[in-house]
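Below: one structure, written as structure tokens.
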């Protein structure tokens, strides 16, 4: 059987494979950074950080236009983290992106650090908004997107929110506004890890069917396995090309993904990791990359 | 039995009734026109509203600059979050709604998205205090109490159309966030008769007097001036210090005015809790001044629905009520202080 591939498509295939491998390596380093930070505190939102690492790797290593040395560059794409407690993941990604020095990560959550437990714009280069009080990211993203379009600036606005944040009415106020104003420069990313502070999302306040809800609000919505890098790349590419309405990528992620020790642990919003387990976690992460 | 003519009653006024006195000079929609003038000089000025453009005088701006007006729908959290996002990319938004919604409903967004990053967002709240007879759902009687504790926020309570027209460019010039207690529609024009210019953060002595000093803010400055004129006819010499900026407060001017043996009276269109009266009282106490302060303010309760003139009389904001209160305070004793109602020694708490 002869190959149907032309030389161009073969190159495209190679490019795609190389692109995905580059993102996979970035995701590994983001997870390793997060484990290093988690060890400093001995506990924290390490489960969520590991779960969302692939999404952040695609965003920072592949999709986002930014200048690590100039975090206020006016033409940058904005990445808004409204879930402030995911700061550990964002710092890990900003270190990977070169916006903050990797050696600074060990100050995470310490007195006078630029890397507080909950992400705040006034503390950290590359952090666009102060999260923490949930349901703020999408309204602010709406304003940035309206403003950038008004100014003729082609930059895009990304907002990473959690499925728990779908409980907040303000998220849906902004969802209406983005659709009403046709803000196709907005991409919302919903991290569906199905876990909230008081337990599984399905038991706290049911939000499914999530995709149908966004579509009903007038959004172009896709849903993917948020730990499948090729699927994430394809989805982000499609959303970037979409015009006429805002886009949302719903990502089903696995808490603790990449570290079997933590993946299989009883699911907890705030995970405790024993001192001796951090090295095991690192070893398991390295093992996953080598496979 | 003879039929009597039906007794004329004042009815609950429309939500957006004017509080201008009959025959008083007014200016139409001073905020909207001032914003238009500002917009012609500053292209980065934009306007937003939450389905209340028409009732906050924002429609004047919307009609003149449709491409710079953004309708956010009846969604106040989204309104203020969006305004923050627009300021983040360099625009200077004016976002209007009713005061009750800006403060009670969307405070988290005003606080965290706007004030914490110290953004130049100008929140414009209509129907402050008791300026509607519609009842507690629309009467923002405690907006100052809610907002005074918010760091970075500048708070302005204008007296009239002159104050509003001059405040709008000053608010845009101020680098941080602001909250304007909007008077809308046919707004009384009063301060042009005085040697006065609005200066952000500054109080202004509108008239001098030896017997009484009225320290007033917002529309109560209009009432203070009317009361002062009436008291003058009774040979009571009354000074009026207008305090349009509630935060940052012009404490120097207040201390100058209140460190005195005159009767000190505060006047505000706001609950007695957490507004001008307590700001003045704490300013005096923190400076070690023992001056007694007589507060003319709304009571600490949810107010009735009804016609505005009726309600202003009932709750002590009308000019008649102000005059009566000042006379009572002056007539009560030759010495204004210490207050006679206080026990000399508080009863110790029992165990």
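Before moving on, here are some points about what is shown:
- Volume per residue for the range A:118-229 equals 124 cubic angstrom (convex hull of Cα atoms).
- C-alpha long axis of helix B:220-233 to longest principal axis of chain B, angle in °: 30 degrees
- Remark on the range A:1-135: ratio of C-alpha radius of gyration to 2.2 N^0.38 Å is 1.20.
- Test item: A:164-175 mean partner chain Cβ contacts at 10 Å: 3
- Nearest-ten-degree value, helix B:76-88 long axis tilted from longest Cα axis of chain B: 70 degrees
- In chain B, the longest principal axis of the Cα atoms and the axis of helix B:276-286 are about 70 degrees apart.
- Normalising the Debye intensity of chain B to I(0), with uniform scatterers on Cα atoms only, and taking log10 at q = 0.08, 0.10, 0.14, 0.15 Å⁻¹ returns -0.39, -0.60, -1.11, -1.25.
- Peptide-level mean, for B:86-97, of C-beta atoms on other protein chains within 10 Å: 5
- Once you reduce the range A:18-37 and the range B:58-104 to the center of their Cα atoms, the two points are 41 Å from each other.
- Taking the number of Cβ atoms within 10 Å of each Cβ as an exposure proxy, the fewest-first ranking of A:79, B:302 is B:302, A:79.
- Stokes-Einstein translational diffusion, chain A - Kirkwood Rh over all Cα pairs, 0.692 mPa s, 37 °C, in µm²/s: 170 µm²/s
- When you restrict to C-alpha pairs under 8 Å that are six or more residues apart and normalise by the size of the range B:26-188, the relative contact order lands at 29 percent.
- Relative contact order (%) - the range A:13-290, alpha-carbon pairs under 8 angstrom, separation at least six: 22 percent
- The range B:51-192 - Debye-derived log10 I(q)/I(0), Cα point model, q = 0.09, 0.11, 0.18 Å⁻¹: -0.24, -0.36, -1.03
- The sum of -39500 (n - 2.57) across all DSSP H runs of n ≥ 4, divided by the residue count of the protein assembly as shown, sets its helix-only mean residue ellipticity at 222 nm to -11000 deg cm²/dmol.
- Where only C-alpha atoms are counted, convex hull volume of the range B:201-332 per residue in Å³: 102 Å³
- Taking other C-beta atoms within 10 angstrom as a stand-in for reagent exposure, A:266, B:278 fall in the order A:266, B:278, fewest first.
- Computed over chain B: relative contact order in percent, which uses C-alpha pairs under 8 Å that are six or more apart: 17 percent
- At 0.890 mPa s and 25 °C, Stokes D of the protein assembly as shown from Kirkwood alpha-carbon radius, µm² per second: 89 µm²/s
- The mean count of C-beta atoms from other chains within 10 Å of the C-beta of residues in B:64-73, rounded to a whole number, is 3.
Readers should treat all values here as calculations from the given coordinates under stated rules, not as data from a laboratory. Quick caveat, the model's predicted, so the values are computed rather than measured. Note that we place each Cβ from the backbone using ideal geometry, even for glycine, and neighbour counts take in every protein chain shown.
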